[in-house]
Amino acid sequence: MRYMNNEAVMKKMNSRKIVNLIFKGIFLFATILALMTLAVLFYRILSQGIGYLSWDFFNNFASRFPEKAGIKAALIGSIWLMAVVAPVSMFLGIGSAIYLEEYAKKNKINDFIRVNISNLAGVPSVVFGLLGLTIFVRALALGNSVLAAGFTMSLLILPVIIVASQEAIRAVPSEVRAASYGMGATKWQTITRVVLPSAVPGILTGSILALSRAIGETAPLVVIGVPVIIQFLPSGVFDTFTALPMQIYDWAKRPQADFQNVASAGIIVLMSVLLLMNSVAVLIRNKFQKRY
């Protein structure tokens with residue numbers, strides 16, 4: 001008894017191979033196109049901005065003269081901003097994910113909350129800027145301070161951290177939880193000593209990527225009125241500040257060609273910070289993946 005018609009299969013084999021080659025070529029073309037675009041972008045930025053990277057560039061404030069323009073206020077302001085965004089967003093984001101995955105009951109209300117959190121991750125950043133302007137800048141009278149901007153940016157990346165943390169916690173096998181309960185551990189002990197250590201690589205990866213988005217966003221800062229040029233450094237979270245994306249945006253829109261080069265130097269600094277943050281995330285993830 002024959003279960004397979006070899007002759008019919010062989011007839012279709014050539015067409016299958018052709019389709020496979022076509023899709024392989026499409027995917028290869030897409031990959032090469034993306035890499036070439038990235039390479040051109042890197043070359044353009046490095047060729048324009050590398051000559052402006054100097055000690056004076058890091059130690060000077062913004063200036064109307066491109067040769068005297070520096071990034072000191074913007075760099076320190078971005079560090080202040082992330083000092084607010086990181087603890088606020090990670091505490092609220094990871095805490096919400098733990099509640100939704102470990103404590104919340106499976107019902108329609110919680111499913112509705114989960115779906116809407118996922119949808120919030122796709123809302124344009126300018127909408128979060130308007131929300132921050134209404135709540136933090138005007139209602140709470142925080143002005144264009146580090147705290148108002150930090151809370152606004154935390155709102156922006158909070159859905160991303162919650163979704164990433166939920167996926168990481170959900171990926172922990174239920175058998176591991178059952179084994180912990182079988183050993184007499186409480187729910188809190190199981191979460192802190194079994195679930196969270198196993199989910200740390202995924203949680204940190206999602207959190208660092210979200211923080212990388214926060215440090216590079218401009219629209220929410222423009223909406224809440226963060227200035228582009230200041231001649232002082234913030235000394236607290238209630239002080240006015242500026243940030244790297246705002247400074248780069250200001251330089252890039254100026255008509256003088258030299259300011260375009262200064263903007264490229266600012267982009268190199270911003271990308272270096274992003275690469276550093278992503279490298280830290282990879283190192284931490286690899287460390288915990290080996291342990292658990």
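The values are calculated or read from the model by the stated rules, or taken from the named source; none is laboratory data. Small disclaimer: the values here were computed from a predicted structure and weren't measured. Cβ atoms come from the backbone with ideal geometry, glycine included; neighbour counts cover every protein chain shown. Side chains are part of the model used for accessible areas, which takes the heavy atoms of the whole protein and leaves out ligands, DNA and RNA. Shrake-Rupley method; radii C 1.70, N 1.55, O 1.52, S 1.80 Å.
Could you tell me which of the residues ILE26, ILE22, ILE32 is under 27 Å from the mean Cα position of the chain (by Cα), modelled with pLDDT of 90 or more, open to solvent by less than 100 Å² (accessible area, probe 1.4 Å) and farther than 30 Å from GLN231 by Cβ? Outline the logic, then answer.
Working: ILE26 fails: under 27 Å from the mean Cα position of the chain (by Cα); ILE22 fails: under 27 Å from the mean Cα position of the chain (by Cα).
It is ILE32.
Of a type in the set (S, T, N, Q) and in contact with a Pro (Cβ under 6 Å, 6 or more places away or on another chain), is that true of THR218?
Numbers: of a type in the set (S, T, N, Q): yes; in contact with a Pro (Cβ under 6 Å, 6 or more places away or on another chain): yes.
The answer is yes for THR218.
Could you run through segment 268-277 and say how many residues are in contact with a Pro (Cβ under 9 Å, 6 or more places away or on another chain) and either open to solvent by 50 Å² or more (accessible area, probe 1.4 Å) or not in a helix (DSSP H, G or I) (or both)? Outline the logic, then answer.
Kept after step one, since they are in contact with a Pro (Cβ under 9 Å, 6 or more places away or on another chain), are these residues of segment 268-277: 270.
Next, from what is left, pick out any that are either open to solvent by 50 Å² or more (accessible area, probe 1.4 Å) or not in a helix (DSSP H, G or I) (or both): none.
Qualifying residue count for the region: 0.
Is at least one residue of segment 212-222 open to solvent by less than 60 Å² (accessible area, probe 1.4 Å), part of a helix (DSSP H, G or I), touching an Asp or Glu at 6+ places or on another chain (Cβ under 9 Å) and at pLDDT 90 or above?
First, the residues of segment 212-222 that are open to solvent by less than 60 Å² (accessible area, probe 1.4 Å): 212, 214-221.
Subset that is part of a helix (DSSP H, G or I): 212, 214-216, 219-221.
Okay, now just the ones that are also touching an Asp or Glu at 6+ places or on another chain (Cβ under 9 Å), so none.
Within segment 212-222, not a single residue is open to solvent by less than 60 Å² (accessible area, probe 1.4 Å), part of a helix (DSSP H, G or I), touching an Asp or Glu at 6+ places or on another chain (Cβ under 9 Å) and at pLDDT 90 or above.
Quick one: in segment 136-173, of everything that is charged (D, E, K, R) and over 15 Å from ALA210 (Cβ atoms), which residue is least open to solvent (accessible area, probe 1.4 Å)? Break it down stepwise before answering.
First, the residues of segment 136-173 that are charged (D, E, K, R): 138, 167, 170.
After this cut, where a residue has to be over 15 Å from ALA210 (Cβ atoms) as well, the list is 138, 170.
Numbers: ARG138: 168, ARG170: 120 Å².
Checked segment 136-173; the qualifying residue least open to solvent (accessible area, probe 1.4 Å) is ARG170.
Condition check: over 19 Å from VAL85 (Cα atoms) and crowded, with 19+ Cβ neighbours inside 10 Å. Does GLY206 satisfy that? Step through it out loud before you land on a result.
Values: over 19 Å from VAL85 (Cα atoms): no; crowded, with 19+ Cβ neighbours inside 10 Å: yes.
Spelling it out, it is not the case that GLY206 is over 19 Å from VAL85 (Cα atoms) and crowded, with 19+ Cβ neighbours inside 10 Å.
Determine which single condition VAL280 fails, assuming it passes every other condition in (1) crowded, with 19+ Cβ neighbours inside 10 Å; (2) at pLDDT below 85.
Unmet for VAL280, out of (1) crowded, with 19+ Cβ neighbours inside 10 Å; (2) at pLDDT below 85: (1).
Kindly establish whether ILE79 is assigned to a helix (DSSP H, G or I), of a type outside the set (Lys, Arg), in contact (Cβ under 8 Å) with a residue 12 or more places away in the chain and open to solvent by 40 Å² or more (accessible area, probe 1.4 Å). Reasoning before the result, please.
Working: assigned to a helix (DSSP H, G or I): yes; of a type outside the set (Lys, Arg): yes; in contact (Cβ under 8 Å) with a residue 12 or more places away in the chain: no; open to solvent by 40 Å² or more (accessible area, probe 1.4 Å): yes.
Considered against the rule, which asks whether it is assigned to a helix (DSSP H, G or I), of a type outside the set (Lys, Arg), in contact (Cβ under 8 Å) with a residue 12 or more places away in the chain and open to solvent by 40 Å² or more (accessible area, probe 1.4 Å), ILE79 comes out as no.
Among (1) closer than 22 Å to ARG114 by Cα; (2) not in a helix (DSSP H, G or I), there is one condition PRO159 misses while meeting the rest; what is its number?
Single failed check for PRO159: (2).
For segment 229-267, name all the residues that are touching a residue at least 24 places away in the same chain (Cβ under 8 Å), surrounded by fewer than 20 Cβ atoms within 10 Å (Cβ to Cβ) and in a loop (DSSP other than H, G, I, E, B).
ILE229, ILE230, GLN231, PHE232, LEU233, PRO234, GLY236, VAL237, PHE238, ASP239, GLN256
Just to verify a result, which residue in segment 45-76, among those that are among the β-branched types (Val, Ile, Thr) and assigned to a helix (DSSP H, G or I), is most open to solvent (accessible area, probe 1.4 Å)? Walk me through how you get there before you give the answer.
First, pick out the residues of segment 45-76 that are among the β-branched types (Val, Ile, Thr): 45, 50, 71, 76.
Next, from what is left, pick out any that are assigned to a helix (DSSP H, G or I): 45, 50, 76.
Values: ILE45: 18, ILE50: 99, ILE76: 56 Å².
Only one residue fits best here, namely ILE50.
If you check THR186 against the conditions, is it over 30 Å from ARG138 (Cα atoms), among the hydroxyl-bearing types (Ser, Thr, Tyr) and touching a helix residue (DSSP H, G or I) at 6+ places or on another chain (Cβ under 6 Å)?
Values: over 30 Å from ARG138 (Cα atoms): yes; among the hydroxyl-bearing types (Ser, Thr, Tyr): yes; touching a helix residue (DSSP H, G or I) at 6+ places or on another chain (Cβ under 6 Å): no.
Criteria not met by THR186.
With ALA179, ALA185 as the choices, which residue is over 20 Å from ALA86 (Cα atoms), assigned to a loop (DSSP other than H, G, I, E, B), of a type in the set (A, V, I, L, M) and open to solvent by 10 Å² or more (accessible area, probe 1.4 Å)?
Values: ALA179 fails: assigned to a loop (DSSP other than H, G, I, E, B).
None of the others qualify; the one that does is ALA185.
Within the set of pairs 6 or more residues apart or between chains, which connect a residue that is touching a residue at least 12 places away in the same chain (Cβ under 8 Å) inside segment 16-38 to a residue that is open to solvent by less than 90 Å² (accessible area, probe 1.4 Å) and of a type in the set (Val, Ile, Thr) with Cβ atoms less than 6 Å apart?
none
More than 16 Å from GLY216 (Cα to Cα) and part of a helix (DSSP H, G or I): which single residue out of LEU142, LEU133 fits that description? Before you say what the answer is, go through the steps one by one.
Details: LEU142 fails: part of a helix (DSSP H, G or I).
Residue meeting the stated conditions: LEU133.
Scanning for something of a type in the set (A, V, I, L, M) and either assigned to a helix (DSSP H, G or I) or in contact with a strand residue (DSSP E or B) (Cβ under 6 Å, 6 or more places away or on another chain) (or both), does segment 98-108 turn up at least one residue? Steps first, please.
Applying the first criterion (of a type in the set (A, V, I, L, M)) to segment 98-108 yields 98, 100, 104.
If we keep only those that are either assigned to a helix (DSSP H, G or I) or in contact with a strand residue (DSSP E or B) (Cβ under 6 Å, 6 or more places away or on another chain) (or both) as well, we get 98, 100.
Yes: segment 98-108 contains one or more residues that are of a type in the set (A, V, I, L, M) and either assigned to a helix (DSSP H, G or I) or in contact with a strand residue (DSSP E or B) (Cβ under 6 Å, 6 or more places away or on another chain) (or both).
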